[in-house]
Every structure is written in C-alpha cells, then in structure tokens.
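Shown next, in structure tokens, is the structure this report addresses.
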Amino acid sequence: MADATTAARARIDRALAELERKILALKARPASAPPIADDDLFAPRSDANGAADAARLAELEAAGREASEALGRAAEAVREVLVQGERQARDEIEGEAD
C-alpha cells in the first residue's frame, strides 16, 4: 500500500508542478494576447493516448473496488472487536456482581 501511496503522491506532485507552470505562463502573458482555448482538466481526451487512458481508467476503477472491499472487511473486523469488547466488559461486570 505504501507503493500506491508513494505513486499517488508523485502524481499529485507532478500535477501541482504542471498547474503552477501553467499559472505562471498565464500570468506572464500580456493582456493583449489572444485568449487560450478552454483547457478543461476533466474533459475526455481525444488524443492518441485514448486507449492508454481507457486502460488506466479501468485499472483505477478496479483498484477502487479492491480498496472499497478491503475497507469493508476492515470495518467488519472492527465491529467484531467492538462486540467482543462489549461482551467481555459485560461478563466482567456480571462476574463482579456475583
């Protein structure tokens, strides 16, 4: 999981660096420059990387499902531990009352 976190952090760092570069480029443009075409970060891409992007999207969706299932299992384990703790506490209280 640390590898995935490290990879995600690296992607975020690269995205932030790219965003900073674009902002600096926009600030450096003269007011008389022609407007820049809409650069929608979330718009679907129509370039040659379409197949690679689709594969990466499928990979990310699968990873998301796996993470969701793992979180579900972890939540269930926590619930079980809590129930066991409550039972133990109840048994100790009942034992002291006898």
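The values are calculated or read from the model by the stated rules, or taken from the named source; none is laboratory data. This is a predicted model, so every value here is computed, not measured. Reconstructed Cβ throughout: ideal geometry from the backbone, glycine too, with neighbour counts over all protein chains shown.
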- Task: Answer yes or no as to whether A74 is modelled with pLDDT of 85 or more and within 20 Å of A4 (Cβ to Cβ).
- Result: yes
Note: among A52, A63, just one is modelled with pLDDT under 80 and within 26 Å of A4 (Cβ to Cβ), namely A52
In the set I36, I93, I12, the lone residue that is surrounded by 10 or more Cβ atoms within 10 Å (Cβ to Cβ) and modelled with pLDDT under 90 is I36
- Does any residue of the range 75-83 turn out to be among the β-branched types (V, I, T) and under 27 Å from the mean Cα position of the chain (by Cα)? yes
